[in-house]
1. Among 113, 43, 32, whose Cα sits farthest toward the positive end of the charge dipole of the chain (+1 at Cβ of Lys/Arg, -1 at Cβ of Asp/Glu, about the Cα centre)?
2. Using only the heavy atoms of the protein chains and a 1.4 Å probe, how would 286, 303 rank by accessible area, largest first?
3. Could you order 151, 201 so the one with the most accessible surface comes first? Probe is 1.4 Å.
4. Can you classify the stretch 216-329 as rounded, prolate or oblate using the Cα gyration tensor, where a ≥ b ≥ c are the square roots of its eigenvalues, rounded means a/c under 1.5, and otherwise it's prolate if a/b beats b/c and oblate if not?
5. Just order 257-269, 338-350 by mean Cβ neighbour count inside 10 Å, highest at the front, would you?
6. Starting from the stretch 55-98, pick out the chymotrypsin sites (Phe, Trp or Tyr not before Pro) whose DSSP state is loop and whose Cβ has at most 14 other Cβ atoms within 10 Å.
7. Here are a few candidate values for Kirkwood radius over Cα pairs in Å: [x] 22.7; [y] 21.6; [z] 21.0. Which one was actually calculated from the structure I just gave you?
8. What residues qualify as long-range amide H neighbours of residue 69, i.e. H under 5 Å apart, gap of 5 or more or another chain, H built at 1.01 Å from N?
Amino acid sequence: MDGAIKSLLSRTLRAVRDLAVVDGGIAYIRDPVFPIVRNRVHAEVTKAMLRSGGDPLVGPILEYVTACQNPDGSYNEIHVNYNQPSALITAFVGDALLEAADRYPHEENLQWARDYVIEAEKRPGYFLKSSGYTADHLNVDASCGAFLARYAERYDDPVARAAALRAAENVVRHQRPDGVYPYAVDKGTYPFVFDIPCVHYQGVTIYYLAKANEVLCDERIDESIDRGARWLAAAQYPDGRFDWSRSGLPFAYCLSGAYAFAHASFAYAARMDDRYRENADLALAWLAENVVGIAPRWEPGRWADLVPSVRAAAKTAALGDYPLRHRTFRFGYAVYRELARRRYAKTAETRSFEVLRRLLGIRSSTVEPSKNFPDLFMTSEILDCLTQAQIWGGDL
């Protein structure tokens, strides 16, 4: 797999680099589809560049990023539908600044980010994502914990370390007996509690929990990760694809980034149990086959497989205890996704989804194009995960 991952990283980094805009001493990466510039994309890409040996763009990108920090130390989650301060995004940017600290020090920005994330802990281990999304998301807790753990290690900060441990304990405490990390464990501003399994966010949660435990070195956390990886492995077909009927979160259904988070999560879990190496290789093989430059938003599908995919959509809509109206929306959402991932475009047409959303009277935080498209957001996550997996497991 050594050649496969190097080739994949090389062509993907090159495609992302081609999107960079250099303006004097700063640089930013423009989205090829949406008119936004995301803080998270910059964080993930700079980490990947640094782990891949460095890049002259890292310094100018970090100059752009640090100028985007709010007076309270936060960074905004920049989305097509909203733009608001977020502890989650602050943790991601903080993690990138830590990765770059030896070559591109921004200690004040790091301290401010640390302070903001610390203040976002609203009860033990629960970190508020943002004012618009107030549920306890386990992936957010794991992400904030990972940043704080790494910060604590570098700066010998016992307060940050204690907060990181509480975050990890909160995630582990809410893990189901079957190994699932639910997406959210309370309602917050959502209409329902999204206490459901999700293939994509299972990998996300394992990934950041593993990053935290590199510092915390807690056996209970590793045991939890092993249980989580076991569930994720059981959701993977022998050809490497995922069984999406086991994944109940509509907006994360069939996301291509799931394979990158899975690859990295299995790479970490393989340190404890060698059997996960095969799962990591399968996820990497899927990425090598399907990512050419900028990654597709969703796992591509064949029209010949549409009927079984609709059956999978019915199963995913049935997960969780929700009213019929919401189940109907979930089924419609999943079928819409099944159609969209089989069609391709370089632009984003969202009118069809808006019609569906209005017909069912459901609020959605996401923008859902009717065709698969080149997604810089997924691509940046893939780059981060692949380069981190190389550190955890060599090239497997």
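1. So the residue furthest toward the plus end is 32.
2. Output order, biggest surface exposure first: 303, 286.
3. Ranked from most to least accessible, the order is 201, 151.
4. Values: a/c = 2.23, a/b = 1.33, b/c = 1.67.
Note, shape of the stretch 216-329 comes out oblate.
5. 257-269, 338-350
6. Answer in residue order: 82.
7. Evaluating Kirkwood radius over Cα pairs in Å on these atoms matches [z].
8. Amide H neighbours of residue 69, under 5 Å, 5+ apart: none.
The values are calculated or read from the model by the stated rules, or taken from the named source; none is laboratory data. Please read these numbers as outputs of a predicted model, since none were measured by experiment. As a convention, Cβ positions derive from the backbone with ideal geometry for all residues, glycine included, and neighbour counts pool all protein chains shown. Areas reflect the complete protein model, heavy atoms only, side chains present, ligands, DNA and RNA absent. Shrake-Rupley method; radii C 1.70, N 1.55, O 1.52, S 1.80 Å.
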